[in-house]
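One structure below.
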Amino acid sequence: MSVVTVQLGQCGNQVAHELLDVVWSDAQKKPSRAASCERFFHHNTHGELVARAVLIDMEPKVINQSLSRAAKCGRWRYGEDSHFSQKQGSGNNWANGYCVHGPRHRDVVEELVRREVERCDRLAGLLAMMSVAGGTGSGVGAYVTQCLRDIYPTSFILNHLTWPYRTGEVIVQNYNSVLTLAHLYQLSDAILVHENDTAHRICSQLLNIKHISFSDVNKVIAHQLGSVLQPALTADSHGVYSRNPLGELVSALACHPEYKLLSMCTIPQMPSSSIAYSTFSWPGLLKHLRQMLISNSKMEEGIDWQVRPPAGSGRSTSLTGSSFNTSLANLLILRGKDVYSAETGGFEDPALYTSWLSSKEAFSLWKSPVSFNKYEKSATLVSNSQALLSPLNDMVGKAWNMFASRAYIHQYMKYGISEEDFLDSFTSLEQNSWNSSTLTSAAA
């Protein structure tokens, strides 16, 4: 089944391009190549491999760069009629994107998506990729997601969001983020999040990159996404590579409409020059990944090994003050040599999960004996847990402090967003934050 990728704004277009490049590169000379290519590409009348993607931005620069890079690589390309841009951006203003640019260009965007959907023999769903900091990715992205939900009410829609650096890229990024998240919670089947801060630390501490660029950060995000979206064998696939990656991911993780935020981490991650000199065992990888989950460590360096699942009432904390990260659901994806010998019982421990869902229902496992992206063995965990509670609260808190002094509100009101719209968004996210904070482990 095929996934149509909708690339929105500068960040969405850049990350999606890296993702498609990772998918193509990883699929070569592998038994899952046909399934992978059908999922993300199709062949045009000239036999060229063309991405199942729609590129949208209110400025032409990044789209032109993406089109040019894909065409020059000679491996795959974007469709000639798959993109839309304008000469003027959204000015980092969510309201400008959502209330002005979105409605103004709705018809042409919907037509572009319709063409890509009709090229699919079987549609798995739509993957909308965007940032939440600026105006186009967040504002136009939220509006386009709303349109997609109206047109394809029974199709799976997964939003991939890149969260900005906490120190700030845009002065109003927290406003834009709050408005985007509040709207997507009503529209999307699941929201998969990557934080720029985490990807940046991976570049610095694990990949040893000295001068980190946005391209480096995007490659880290694309690697993790690719490890999830490449074909794998599920518990009920009977030896056939997973048919609907978005549907199966949503079914495994988004088991409650109030809990849609998904985080992810991958192990190992290291410089390419070090891979040939490193060996990994499944017990070692899974031991680290499990501790990363329960201590909410985003990478294997700096794991807090003191955190343990709670044995009695209350939340477990370590001497460093780290709290136990309660999960609602987890999806573990293992790829590589001897994958069927990997023992995953540690992730089925009921103490990891909330008390109102059995661990059998809460834990899902995908496997592939095929290695991924040069790693002989690799493991990725996609988690519906409390992992994003702290950055969510930080984002909402900063936005509320600005709103309390009415800072920059007039910039949104002139495009049609009222103070009531802000208050509704705050209320929605604060409710979601409270829901997440009150998750308790079955052992508690």
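The values are calculated or read from the model by the stated rules, or taken from the named source; none is laboratory data. The model shown is predicted, which means the values in this text are computed figures rather than measured ones. Neighbour counts are summed over all protein chains in view; Cβ atoms, including those assigned to glycine, are modelled from backbone coordinates with ideal geometry. The area values use the complete protein model at the heavy-atom level, side chains included, leaving out ligands, DNA and RNA. Shrake-Rupley method; radii C 1.70, N 1.55, O 1.52, S 1.80 Å.
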message: Tell me the carbon and sulfur percent of the accessible area for the range 37-172, rounded to whole percent, probe radius 1.4 Å.
response: 46
field: the range 79-126: trypsin sites (Lys or Arg not before Pro) falling in loop per DSSP and having at most 10 other Cβ within 10 Å
entry: 87, 122
field: Accessible area of the chain divided out per residue, in Å², using a probe of 1.4 angstrom
entry: 40
query: Taking springs between alpha-carbon atoms closer than 10 angstrom, which of 325, 64, 432 fluctuates most in the Gaussian network model of the chain?
result: 64
- request: Would you mind calculating the relative contact order of the range 268-392 from Cα pairs under 8 angstrom and at least 6 residues apart, reporting the percent as a whole number?
  value: 28
field: FRET efficiency, 1/(1 + (r/R0)^6) with R0 22 Å, evaluated for residue 402 and residue 430 via beta carbons
entry: 0.90
statement: Here, residue 371 and residue 104, labelled 7 Å along Cα→Cβ, have an inter-label distance in nm of 5.1
statement: Here the equivalent ellipsoid of the chain, derived from its Cα gyration tensor, has semi-axes (largest first, whole Å) of 32, 29, 20
task: Count neighbours as other Cβ atoms within 10 Å of each site's Cβ, and list the trypsin sites (Lys or Arg not before Pro) in the range 200-238 that are DSSP loop with at most 16 such neighbours.
output: 210
- prompt: Cross-link partners among lysines for residue 287, C-alpha distance below 30 Å, same-chain residues fewer than 8 apart left out?
  reply: 30, 210, 219, 260, 298, 337, 360, 367, 374, 377
query: Out of residues 5 or more away from residue 53 or on other chains, whose amide H comes under 5 Å of its own, with H placed 1.01 Å from N in the peptide plane?
result: 5, 79
message: Can you compute the FRET efficiency between residue 59 and residue 118 using 1/(1 + (r/R0)^6), with r the Cβ-Cβ distance and R0 = 35 Å? Round to the nearest 0.05.
response: 0.80
message: Applying a 10 Å radius around every beta-carbon, put 47-57, 417-427 in order of their mean neighbour count, most first.
response: 47-57, 417-427
query: Of 354, 167, 266, which has the largest mean-square fluctuation in a 10 Å C-alpha GNM of the chain?
result: 167
- prompt: For the range 44-135, what's the relative contact order in percent, using C-alpha pairs closer than 8 Å and at least 6 residues apart?
  reply: 32
- line: Contact order relative to length for the chain, counting C-alpha pairs under 8 Å separated by 6 or more residues, stands in percent at 16
- line: Rg (one decimal) and Dmax (whole number) from the Cα set of the range 178-264, in Å, equal 15.8, 46
message: Between the range 2-45 and the range 148-210, how far is it from one alpha carbon centroid to the other, in angstrom?
response: 20
query: Given the protein chains as shown and a 1.4 Å probe, how many square angstrom of residue 81 are accessible, to the nearest 10?
result: 60
